[in-house]
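K.L.:
Have a look at this one.
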Amino acid sequence: MNIESLITDLAFILLLGAVVTILFKWLRQPVVLGYIVAGFLASPNFTWLPSVNTLENIDFWAEIGIVVLLFSLGLEFSFKKLANSGGSAIVTAMVIVAGMMCAGFTVGHVLHFNFINSLFLGGMLSMSSTTIILKAFTDMGLRQQKFASQVLAVLIVEDLFAVVMMVVLSSIAINNSVEGSQMLMSVGKLLFFLIIWFLVGVYVLPTLLNRWRRFLNGETLLVVSMGLCLGMAVFSVYCGFSLALGAFVMGSILAGTSYAENIEHVVTPVKDLFGAVFFISVGMMVQPAILANYWLPILILSVVVIAGMIVFGTFGMLITGQPLRTAIRSGFSLTQIGEFAFIIATLGMSLGVLEPTLYPIVVAVSVITTFTTPYFIKMSDPVYDFVEKHLPVRLHFLITRLGSQGEKEQASGHQWRDVLRRHLWRTIVYAIILIAISLSMDTFVRPRLEEWLPEWGDLLSLVATLVIMSPFLIALVSPVKAPADATRGISHQIPSIVLTIFRSLLALAFVIHAVTRVYSAKVAIIVAVIVIALIGLLFYRRLSAYMGTLENKFFDNLNERDLRRSGKNNHVVSDLHMAYMTVGNSCPFAGERLMDSNLRRDYGVNVVSIQRGSKTIPIPNGRERLFPGDTVGVIGSDEAIGRLLPVVEASIDSDAADQPDVQLKPVLLSFNSPLINKTPLSAALRDTYDVLVVAVNRDGEFIDSNPNLVFAPGDIVWLAGPAANFNKLK
């Protein structure tokens with residue numbers, strides 16, 4: 001690889017990208033589209049400007065961009081959010097993905113694409129753009145509305161489906177056919193590794209990060225988080241998956257830690273840089289000749305995306321119990337494709353199965369649907385008004401029903417389903433852990449022992465396997481705690497009894513499998529029964545207590561982000577506990593001294609620590625100030641901390657509005673200035689001109705501003721304010 005050429009190409013596309021994206025910012029258009037335009041201008045397809053020397057150089061940077069982009073998406077995802085998103089989001093996402101996959105596949109055949117290209121086309125059309133939707137909601141002030149939270153929950157589930165889809169499409173592309181057994185094997189392998197990575201990551205990473213807390217300033221946190229991202233990406237490739245999958249999984253694991261916001265903050269510049277390179281590389285695939293020749297497929301696919309997302313999104317919300325207004329507004333918000341479409345297209349190109357003409361077609365469809373997204377979001381209310389007026393009387397229940405009312409009523413009569421879910425989760429998780437132990441011992445430990453101790457290697461590996469498995473076998477067969485209402489009546493107890501027997505037989509099967517690696521099946525059954533009996537009689541209590549500790553540690557780590565903010569596990573006395581919260585940009589106490597914030601009087605809490613970067617201030621005095629980004633430790637009751645949290649962590653999204661052009665400028669006061677003999681207070685500069693007096697340079701000496709300072713001729717007054725207001729002030 002030519003290093004000079006690599007840097008030259010990177011410098012060229014970044015400089016061009018900077019100019020184009022500034023222009024798009026000025027035009028109030030999505031920056032992603034600016035990157036795509038910049039990529040087209042930097043490509044050999046645009047002959048009026050110099051082009052990059054080697055396209056492979058850009059592919060190299062773009063690969064890094066995909067990894068960092070997926071890591072950042074994982075930081076916003078988190079399995080905790082997936083669990084809390086509810087059945088509505090999961091079912092809606094399934095309806096959208098399945099419906100759009102079928103629609104895209106069908107249109108692909110109509111447009112004479114082959115089987116693999118039609119399948120990839122369906123995958124690309126089934127994923128809405130998280131980036132574009134968040135930007136549109138923020139610009140339109142809709143982020144806090146109920147339907148927006150439903151849409152974001154759907155996008156969270158779609159992210160996971162997209163990762164699974166990438167693995168499935170890769171498997172199909174490599175084998176050039178859809179084999180049911182092969183596809184199930186790929187999905188099963190993916191789920192196996194996802195659960196193992198998730199369990200190990202959640203148990204280990206928060207503990208290590210908390211142990212290293214005092215060393216984790218912005219610099220070290222960036223190095224640690226990117227190291228974990230790339231390390232998991234490499235390990236993912238070793239396990240037979242892609243770099244992007246490993247990066248996404250590591251991001252989702254770190255999303256549940258108390259460092260998630262800080263990691264997101266320090267990683268954002270890296271994501272913005274390499275994400276820009278990725279989208280610029282997408283723009284390089286645009287070929288005007290192809291777009292001119294394929295204008296009809298582009299138009300058809302754009303209509304399919306918009307109409308399909310509206311229909312399937314609205315239908316998915318309706319069948320999960322959402323009211324009609326929420327369903328329509330959600331469906332109209334999902335009418336675009338974005339980053340995952342490009343990632344799937346890049347995957348197809350790297351596998352050599354995607355036709356070169358399909359990539360620029362999908363890019364064009366994304367550009368069109370991105371431009372139309374805000375307009376369709378605005379159209380949702382008039383469309384709802386029209387539908388409401390013309391809706392048949394027998395369907396009026398769709399308008400007034402509560403989103404989760406039907407689910408609550410249905411759940412109240414079937415409490416045993418909660419017990420079933422708990423049994424299934426315990427069975428799946430511990431079965432996968434036991435499979436992982438068995439595979440690890442057979443792959444790594446047993447061959448080494450057989451090599452070192454030929455006569456005893458098999459027996460020692462078997463004993464070691466059973467010892468390591470024993471606590472997880474106990475956990476697998478242990479009773480599942482159920483709600484009180486779910487244990488009433490024999491009809492509710494039968495499923496629990498059946499599932500307990502099934503889990504016991506499954507535990508026995510794991511022991512039999514381990515023993516048959518060394519002895520015959522008949523001996524294995526006898527040994528398995530003896531082992532299970534011994535574990536149950538001699539070590540049940542000790543192993544149960546041990547597994548209880550492990551489970552509690554796991555769930556504490558899983559919920560660490562919420563527990564640290566609310567402090568529910570940090571009980572000091574009966575009704576008080578310690579909580580940690582991060583001071584937001586728009587916190588009303590930011591910049592104030594503790595003695596002036598009246599936290600104890602107004603909220604009933606005491607500040608016991610302030611962490612500012614790598615510096616920790618224990619038991620701060622009243623003169624200490626709070627600044628955005630500080631992590632504040634407070635002691636108070638549940639109610640007090642609950643009231644304080646949203647106030648302290650109040651934050652203004654940096655994309656919510658254009659950043660004001662605030663400048664610091666000096667103004668020389670002449671003898672004729674109307675400010676002479678006035679003070680900053682009497683001159684009313686703040687109220688009249690929206691400027692702030694910062695300091696005054698008088699005879700070479702700087703004087704700090706105060707309301708009673710009298711202006712004199714020759715003073716150089718330093719003012720801060722919007723640039724446009726200085727002209728008025730002059």
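The values are calculated or read from the model by the stated rules, or taken from the named source; none is laboratory data. Computed from a predicted model, the values in this text were never measured in an experiment. Here Cβ is always computed from backbone atoms with ideal geometry, including for glycine, and neighbour counts include all displayed protein chains.
K.L.:
Working only within segment 248-266, note down all residues that are in a helix (DSSP H, G or I) and either among the small types (Gly, Ala, Ser) or more than 23 Å from Ala162 (Cβ to Cβ) (or both).
P.N.:
Hits for segment 248-266 are Gly251, Ser252, Ala260, Glu261, Asn262, His265, Val266.
K.L.:
Just one of (1) crowded, with 22+ Cβ neighbours inside 10 Å; (2) at pLDDT below 90 trips up Lys81, so point out which.
P.N.:
Lys81 satisfies all of (1) crowded, with 22+ Cβ neighbours inside 10 Å; (2) at pLDDT below 90 except (1).
K.L.:
Given the condition of a type in the set (S, T, N, Q), surrounded by 15 or more Cβ atoms within 10 Å (Cβ to Cβ), at pLDDT below 90 and not assigned by TED's automatic domain parsing to the domain that holds Gly108, answer yes or no: does some residue in segment 361-368 qualify?
P.N.:
Among the residues of segment 361-368, at least one is of a type in the set (S, T, N, Q), surrounded by 15 or more Cβ atoms within 10 Å (Cβ to Cβ), at pLDDT below 90 and not assigned by TED's automatic domain parsing to the domain that holds Gly108, which makes the answer yes.
K.L.:
Of all residues in segment 506-548, how many are at pLDDT below 75 and within 39 Å of the chain's Cα centre (by Cα)?
P.N.:
7
K.L.:
Does Leu449 count as at pLDDT 80 or above and buried (at least 18 other Cβ atoms within 10 Å of the Cβ)?
P.N.:
It is true that Leu449 is at pLDDT 80 or above and buried (at least 18 other Cβ atoms within 10 Å of the Cβ).
K.L.:
Is it the case that segment 250-271 has a residue that's under 25 Å from Leu55 (Cα atoms), among the hydrophobic types (A, V, I, L, M, F, W, C) and in contact (Cβ under 8 Å) with a residue 60 or more places away in the chain?
P.N.:
yes
Table: residues versus (1) over 17 Å from the mean Cα position of the chain (by Cα); (2) within 27 Å of Ile437 (Cβ to Cβ); (3) assigned to a helix (DSSP H, G or I).
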{"position": "Ala153", "(1), (2), (3)": "no, no, yes"}
{"position": "Met165", "(1), (2), (3)": "yes, no, yes"}
{"position": "Ser171", "(1), (2), (3)": "yes, yes, yes"}
{"position": "Gly188", "(1), (2), (3)": "yes, yes, yes"}
{"position": "Leu191", "(1), (2), (3)": "yes, yes, yes"}
{"position": "Gly201", "(1), (2), (3)": "no, yes, yes"}
{"position": "Val223", "(1), (2), (3)": "yes, no, yes"}
{"position": "Val234", "(1), (2), (3)": "yes, yes, yes"}
{"position": "Gly246", "(1), (2), (3)": "no, yes, yes"}
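K.L.:
Which of the residues spanning segment 423-461 are under 17 Å from Ile474 (Cβ atoms) and over 43 Å from the mean Cα position of the chain (by Cα)?
P.N.:
none
K.L.:
Has segment 183-193 got at least one residue that is at pLDDT 80 or above, more than 30 Å from Ile610 (Cα to Cα), buried (at least 18 other Cβ atoms within 10 Å of the Cβ) and assigned by TED's automatic domain parsing to the domain that holds Pro269?
P.N.:
yes
K.L.:
Can you say whether Ile280 is surrounded by fewer than 24 Cβ atoms within 10 Å (Cβ to Cβ) and either more than 18 Å from the chain's Cα centre (by Cα) or not basic (Lys, Arg) (or both), as far as the supplied structure shows?
P.N.:
no
K.L.:
Every residue in segment 302-342 that is surrounded by fewer than 24 Cβ atoms within 10 Å (Cβ to Cβ) and touching an Asp or Glu at 6+ places or on another chain (Cβ under 9 Å), please.
P.N.:
Scanning segment 302-342 gives Thr320, Gly321, Leu324, Arg325.
K.L.:
For Gly622, indicate whether it is touching a Leu at 6+ places or on another chain (Cβ under 8 Å) and either in a helix (DSSP H, G or I) or not assigned by TED's automatic domain parsing to the domain that holds Glu261 (or both).
P.N.:
So Gly622 fits the description; yes.
K.L.:
Of these, Asn217, Asn175, Asn210, which one is under 21 Å from Lys553 (Cβ atoms) and surrounded by fewer than 18 Cβ atoms within 10 Å (Cβ to Cβ)?
P.N.:
Asn210
K.L.:
So which of Gly275, Gly321 is on the phi > 0 side of the Ramachandran plot, touching a residue at least 60 places away in the same chain (Cβ under 8 Å) and out of contact with any Cys (no Cβ under 9 Å at 6 or more places or on another chain)?
P.N.:
Among Gly275, Gly321, only Gly321 is on the phi > 0 side of the Ramachandran plot, touching a residue at least 60 places away in the same chain (Cβ under 8 Å) and out of contact with any Cys (no Cβ under 9 Å at 6 or more places or on another chain).
K.L.:
Scan segment 452-467 for residues that are surrounded by 15 or more Cβ atoms within 10 Å (Cβ to Cβ), at pLDDT below 85 and not charged (D, E, K, R) and jot them down.
P.N.:
Matches in segment 452-467: Gly457, Leu462, Leu466.
K.L.:
Looking only at segment 643-666, count every residue that is in contact with a Ser or Thr (Cβ under 9 Å, 6 or more places away or on another chain) and either of a type in the set (D, E, K, R) or modelled with pLDDT of 80 or more (or both) and tell me the total.
P.N.:
Residues in segment 643-666 being in contact with a Ser or Thr (Cβ under 9 Å, 6 or more places away or on another chain) and either of a type in the set (D, E, K, R) or modelled with pLDDT of 80 or more (or both): 5 in total.
K.L.:
Would you mind finding the one in Thr106, Thr130 that is of a type outside the set (A, V, I, L, M, F, W, C), surrounded by fewer than 18 Cβ atoms within 10 Å (Cβ to Cβ) and either over 22 Å from the mean Cα position of the chain (by Cα) or modelled with pLDDT of 75 or more (or both)?
P.N.:
Thr106
K.L.:
Can you report the number of residues in segment 1-51 which are at pLDDT below 85, surrounded by 17 or more Cβ atoms within 10 Å (Cβ to Cβ) and under 26 Å from the mean Cα position of the chain (by Cα)?
P.N.:
Looking only at that region, the number is 4.
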